[in-house]
Amino acid sequence: MFREFTSTHFVTHRFRVFFLGLTAVTSAVIALIPLGTAAQKAETVKIVKKGVEVEVTIGGRLFTRYTMLCAPNKPVFYPILTDTGKSFTRRWPVEPDAAPGESHDHVHHRGLWFTHSSVNGIDFWSEEGKNIGKTVTTRISDVHSGNKTGSFTANTEWRSPDGKLMATDRREIKVTPLPTGDTLLDFNITIKPAAGSLLFGDNKDGVFGLRLPDSLAVNPTVKPKVTGTGHILTSTGAKDADAWGKRADWVDYWGPIEGETYGVAIFDSPQNFRHPQTWHARDYGLFTVNPFGLHDFNLGPKGAGDLTVPGGDALHAEYCVYFHRGDAEQADVAGQYKKFSTNALAGLEKRTQ
């Protein structure tokens, strides 16, 4: 198991992302095929590099783009689409006129992203205000397409408001469609200080997650006010607003997207630092996992969530996010987490032999 950081030890996190959808079939076939059973052969993944941007298609249809064009200070996955073109994320502010009536709070909630609000006191989470840092994609490499999987590597620089290089990271991303029509997106990140140490400060705003469509929210911020149709469930049984700030192996968030029920579950790897980690899962649709916000989550004194990465060391991370049809029970989120955690521990054992 992993220990608190010292100058002679690495802290290792593993982040893995799962995106699930159901391949388009006729309504008659859907009625006969239970959720989670194989519907057809997995489709080809094509990864196309466009400068420091990447486009990912599955079976010829757009799945996502990894891009700096949708946010002023960070790379994001946007859009993230079902096999029928429905959006797994809120469209405002990237596409401000695409979905009239959407909520307009928190302009920095764009797509799926990895940042934190306090790194050596600099805010990489927000977009507006003072002391705002940037994470900038500098290189895309190791691009591979294939029938079973597609992958690429992205290199990133973390820069302070005055342009000083604070850290670099390497993000290894793999997309794997399943025979069921589900899709896995592996996201592995290794962050290294550029000079001196890095302090990830105790703050609720971080680190890896997305802003869901308002229709999935329990308590959406749209105006005029409407009753929410979404739900949240944690591995410990906490529900809806009570899920915020709690520790859990996984959290699932589900509701209707354009008339069909979809859900998003994020899994915390059992080898992660401070596992089970804490969740910045707001009932209005923000959905992130954040191991650094312990004081903000009322789980310790001020600074309890601080983590220092000494110069010369590194922080490696993996999560798992599972996009699925149906609610948590129909999608067997608990069973999917068990498979993920077993594989994560097996991978750890193999790496340490």
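We did not get these values from a lab; they are worked out from the coordinates using the rules stated. Quantities reported herein were computed from a predicted structural model and do not represent experimental measurements. Please note: Cβ atoms are built from the backbone with ideal geometry, for glycine as well, and neighbour counts cover all protein chains shown.
General remarks:
- A simple spin-label model places pseudo-atoms 7 Å from Cα toward Cβ; at Ala195 and Ala241 they are separated by 4.7 nm.
- For region 234-250, putting each phi into the Karplus relation 6.51 cos²θ - 1.76 cosθ + 1.60 with θ = phi - 60° gives couplings of 9, 5, 8, x, 5, 10, 6, 4, 5, 6, 5, x, 8, 7, 6, 5, 8 Hz, in residue order, rounded to whole numbers and with x for Gly and Pro.
- The chain: calculated mean residue ellipticity at 222 nm from DSSP helix runs of at least 4, using -39500 (n - 2.57): -2500 deg cm²/dmol
- Computed from Cα positions, the angle between helix 333-352 and the longest principal axis of the chain comes to roughly 40 degrees.
- Partner lysines for Lys74 [C-alpha distance under 22 Å; skip if fewer than 8 residues away on the same chain]: Lys49, Lys50, Lys130, Lys134, Lys164, Lys174, Lys192, Lys204
- The alpha carbon radius of gyration of region 225-308, expressed as a multiple of 2.2 N^0.38 Å, is 1.16.
- Per-residue HN-Hα couplings for region 74-79 [Karplus 6.51, -1.76, 1.60; θ = phi - 60°; Hz; x = Gly/Pro]: 6, x, 9, 8, 7, x
- In sequence order, calculated HN-Hα J values of region 279-285 (Karplus, 6.51, -1.76, 1.60; Hz; x Gly/Pro): 10, 8, 9, 7, 6, 8, x
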